[in-house]
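Throughout, read-outs are computed from the coordinates displayed, never taken from laboratory work. In this text, all values refer to a predicted model and were calculated from it rather than measured experimentally. Reconstructed Cβ throughout: ideal geometry from the backbone, glycine too, with neighbour counts over all protein chains shown.
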Amino acid sequence: MPELPEVEVSRLGVSPHLINNTIANVIVRERRMRWPIPEEVSLVVGHKVNNVTRRAKYLLIETAVGSLVIHLGMSGKLRVIDASTPLIKHDHVDIVLNTGQCLRLNDPRRFGAVLFQAPDTQLGLLDNLGPEPLTEAFDESRLYTLSRDRKSPVKSFIMDNAVVVGVGNIYANEALFLSGIDPRRQAGRIGAERYKRLTHNIKQVLAKAIAQGGTTLKDFAQTDGKPGYFAQHLNVYGRKGEDCEVCSNPIQSKVIGQRNTFFCIHCQR
DNA sequence: CGTATGCCCTGCCAGC
DNA sequence: TGCTGGCAGGGCATAC
């Protein structure tokens, strides 16, 4: 389900319900996620949520005694509901608040994660992440500099979390289309000017998607239950065989790095 | 170090 | 209608 825009939309949706409220309970019904949910998540019970932040696609629910770190994987969904709301299938975790509401995690595939991070420490998972794409740390020279010896396809390169975080399959395809770059091209064989444009387009497409409430393909919902509206702006993702909006040639697809990839062979070089 | 592959899971859809 | 195969928005672990 989520790429960075969808995670950010989730963060924006849930944080007003959490911040400055106290966690009354953490209920784990299914511990078998990407990693087993550690017992330590209960340490936050009785403590106030100071902030809800995001690093890459990880959400951090911060308290004075540590943070809950949540990743939504492919199919995770968060909603804020009354704590007495009946359970549905795959409702694995509740973070119950003293307001009577709870943050409920539903994740059919269980590729997601709920972890605990002690104060003033950082989980190893967060150690080797590249810069946030929407900050100045992701500057216009970074892609060019890092790619010089890379032979892998540029699409795999921009989806590498050590290069820049948060660029998932949808937005990698879209940013490359907007930049006129063939996703199959070797990363090391693209020049500085084209990478500058690509950097700009990655930022643009992610920011626009956040503003539109994310992309709903099948089942992504904002925390208020509404779908995201970015899907109508997709130029190539999921459009195999359809006409390119720019040149009317059919959109092609090919698997790159185990992920389906969509592009216009005429517009992207 | 960079690169390629397997795998963790369930749900859904197309095709038979 | 029911079965099967393939595919899905992620990313870690492993092997080379």
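What tally of residues in the range A:205-216 results from selecting those that are surrounded by 15 or more Cβ atoms within 10 Å (Cβ to Cβ) and either at negative phi or free of Cβ contacts under 8 Å to residues at least 12 places away in the same chain (or both)? Here the count works out to 7. Looking at A:Asn169, A:Asn201, just one residue is of a type in the set (S, T, N, Q), within 24 Å of A:Lys240 (Cβ to Cβ), crowded, with 17+ Cβ neighbours inside 10 Å and in contact with a Ser or Thr (Cβ under 6 Å, 6 or more places away or on another chain), and that residue is A:Asn201. A:Phe111 meets all of the listed conditions (1) crowded, with 18+ Cβ neighbours inside 10 Å; (2) touching a Gly at 6+ places or on another chain (Cβ under 6 Å) but one, namely (1).
In the range A:118-148, how many are away from DNA strand B (no atom under 14 Å from the Cβ), in contact with a helix residue (DSSP H, G or I) (Cβ under 8 Å, 6 or more places away or on another chain) and among the polar types (S, T, N, Q)? Result for the range A:118-148: 1. Just to be sure, is A:Gly13 more than 15 Å from A:Val96 (Cα to Cα), more than 16 Å from DNA strand C (Cβ to nearest atom), of a type outside the set (S, T, N, Q) and crowded, with 19+ Cβ neighbours inside 10 Å? Criteria not met by A:Gly13.
Scan (1) within 17 Å of A:Tyr171 (Cβ to Cβ); (2) in contact with a His (Cβ under 7 Å, 6 or more places away or on another chain) for the single condition A:Asn249 breaks and write down its number. If we test A:Asn249 against (1) within 17 Å of A:Tyr171 (Cβ to Cβ); (2) in contact with a His (Cβ under 7 Å, 6 or more places away or on another chain), just (1) comes out false.
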